[in-house]
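The structure appears below as structure tokens.
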């Protein structure tokens, strides 16, 4: 026996409400035989007569009266399911590395909220390695990272450029010797995109391990540099205010500035939702406005 269909339930209610097959057929724009057949199929499937046949009219019996509110609730629930996608609710989860999550994204997410006040956004601030792992595990929809990424399952798009500047507290910068290998350094941990860029650009000039203070967040590095813990690289967008008011000073010389691309990642094999598409549109608009200061 075939399962019941929403069409059969709709026709049952049409007959129940109108009191005859003819009236129900006119209401739903079907022929009387089509309505009669659907009603007979429903009764056969349920194993119960739902109407008393009196002349040409149909009157709900006890079984039909018991079923009527349940059928109406079923159709209302189906209608709610269909309406879910008429005006989709925007939800999006993204992961971003520290510079992106702490500096670049907050004003863009404020713009996104202004455009879509009911949207729900979850942002996790992690390092590049973790962001990529979350994307591959389908635990996030978009990722914005600082380090170079290559994976066959990931679509990688250059989003915008960022500048790393070498800085220190002014009191320390004033007494540094000419050899960077002798300086005290503050760096992000291995797995960080910032660390990967610095290692690649400096090559053999990268400071020795015994000179490194390694910290697990970009803001921790910035705070340590402000406190005079050493020399380090910070995104210009994160260091700009401290440079302006004199709390940090640039450390000149070879490698004083490093330009790096920032990347927007998504999984090639998952279908983007409405929220993801809307946020990606805004992010690409933001990228078109330029790079870091």
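Values as computed for the structure displayed
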| read-out | value |
| --- | --- |
| Options 63, 23, 38; residue that is in contact with a helix residue (DSSP H, G or I) (Cβ under 7 Å, 6 or more places away or on another chain), assigned to a helix (DSSP H, G or I) and surrounded by 14 or more Cβ atoms within 10 Å (Cβ to Cβ) | 38 |
| Hits in the range 165-182 - residues which are crowded, with 19+ Cβ neighbours inside 10 Å and at pLDDT below 95 | 180 |
| So residue 199, is it modelled with pLDDT under 90 and farther than 30 Å from residue 279 by Cα | no |
| The one condition in (1) part of a helix (DSSP H, G or I); (2) under 24 Å from residue 105 (Cβ atoms) that residue 199 fails to fulfil | (2) |
| Qualifying positions in the range 259-278 - crowded, with 22+ Cβ neighbours inside 10 Å and farther than 17 Å from residue 97 by Cα | 275 |
| Residue selected from the range 42-60 under the condition part of a loop (DSSP other than H, G, I, E, B) and in contact (Cβ under 8 Å) with a residue 12 or more places away in the chain, by the criterion surrounded by the most Cβ atoms within 10 Å (Cβ to Cβ) | 50 |
| Test: residue in the range 238-248 that is modelled with pLDDT under 95, in contact with a strand residue (DSSP E or B) (Cβ under 9 Å, 6 or more places away or on another chain) and not in a helix (DSSP H, G or I) | no |
| Test: residue 143 is crowded, with 16+ Cβ neighbours inside 10 Å, assigned by TED's automatic domain parsing to the domain that holds residue 104 and either more than 23 Å from residue 285 (Cβ to Cβ) or in contact with a strand residue (DSSP E or B) (Cβ under 9 Å, 6 or more places away or on another chain) (or both) | yes |
| Identity of the residue in the range 1-20, part of a loop (DSSP other than H, G, I, E, B) and touching a strand residue (DSSP E or B) at 6+ places or on another chain (Cβ under 7 Å), that ends up surrounded by the most Cβ atoms within 10 Å (Cβ to Cβ) | 20 |
| Set 118, 114, 110: member being over 19 Å from residue 11 (Cα atoms), part of a loop (DSSP other than H, G, I, E, B) and assigned by TED's automatic domain parsing to the domain that holds residue 154 | 118 |
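The values are calculated or read from the model by the stated rules, or taken from the named source; none is laboratory data. In this text, all values refer to a predicted model and were calculated from it rather than measured experimentally. A quick note on method: Cβ atoms are made from the backbone with ideal geometry, for glycine too, and the neighbour counts reach across all protein chains shown.
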